[in-house]
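The values are calculated or read from the model by the stated rules, or taken from the named source; none is laboratory data. Keep in mind the model is a prediction, meaning the values are calculated, not measured. Note that each Cβ is placed from the backbone with ideal geometry, even for glycine, and that neighbours are counted across all protein chains shown. Accessible surface areas use protein heavy atoms only, side chains included; no ligands, DNA or RNA. Shrake-Rupley method; radii C 1.70, N 1.55, O 1.52, S 1.80 Å.
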Amino acid sequence: MVRKMWSYFDLISPIDLKQYEYCPVIPWLNKNYNLVEPETYSMIEGRREREERYNNIYGKLGLKPPIRFDLKLYYPKKRLIGVADIVAGKRKLTVVEIKRFKRKLFRHFKIQLMTYAYLTEKCIGPTYNAILLIGKRKIVYDVTQEIFREIEIKIEKLWRTIESEKPPQTSKTTKCMNCWYRKFCPNI
């Protein structure tokens, strides 16, 4: 029997779902043309901020030990892989996603966070809370089976999109003006 080697292109991540929520063309371009946006200032600052805040953050958030930072998670049934910023607790888990800068629109970040919660539930155990830190703002979400069903539907839609030969159809919006992918976008 010949075993097939897997690659990044055989897997998706919560970041892919975040991008899909923001614009479905982005993960399609990532997977079909191997296009990846270079690290932005926000990404670099977010990583630096995360490293500085990890030492004190869980005390301020009231997280219960054990506290796991940058936890690698893999769920083969959905071909889903990711690294959660923080997973805390023993029997009732809490997942935390940290974003350095505040944003007006952040639904795509919520989808990313809930995908990490889904991964944590599938890989470790019952996940009850999810916390999104955006700048100085803290948003706490209850994790429910309804949210997990929504995530599973989004996972299936994302797979159909990236496995399609044709890009998803989107309309030009104001967010397209600042998008790094716009020079490659088939819809602009």
* With every protein chain left in place, what is the accessible area per residue of the range 105-146 in square angstrom, probe 1.4 Å? -> 47 Å²
* **Projected-area mean, the chain, by convex hull of Cα positions, square nanometres** => 12.1 nm²
* Asked: In the chain, what percentage of the DSSP-assigned beta bridges are antiparallel, given to the nearest 5?
  -> 70 percent
* To do: State the extension gain, in nm to one decimal, for the chain segment bounded by residue 103 and residue 72, taking 0.36 nm per residue of separation less the distance between their alpha-carbons.
  => 8.5 nm
* Find the relative contact order for the range 59-134 and round it to a whole percent, using C-alpha pairs within less than 8 Å whose residues are 6+ positions apart. => 31 percent
* **Net +/- balance of residues flanking residue 16 in space, Cβ distance below 11 Å, scoring K and R +1, D and E -1** => +3
* To do: Please name whichever of 17, 169, 88 sits farthest to the positive end of the charge dipole of the chain, dipole taken about the Cα centre and charges placed at Cβ: Lys and Arg +1, Asp and Glu -1.
  => 88
* Asked: In the full protein assembly as shown, how much of residue 10 is accessible to a 1.4 Å probe, in Å² to the nearest 10?
  -> 40 Å²
* To do: Could you tell me the number of lysine pairs in the range 108-188 with C-alpha atoms less than 17 Å from each other, where the two lysines are 8 or more residues apart or belong to different chains?
  => 7
* Asked: On average, how much area does the Cα convex hull of the range 107-174 cover when viewed from any direction, in nm²?
  -> 6.4 nm²
* Asked: What is the chain's relative contact order, in percent, from Cα pairs under 8 angstrom and six or more apart in sequence?
  -> 23 percent
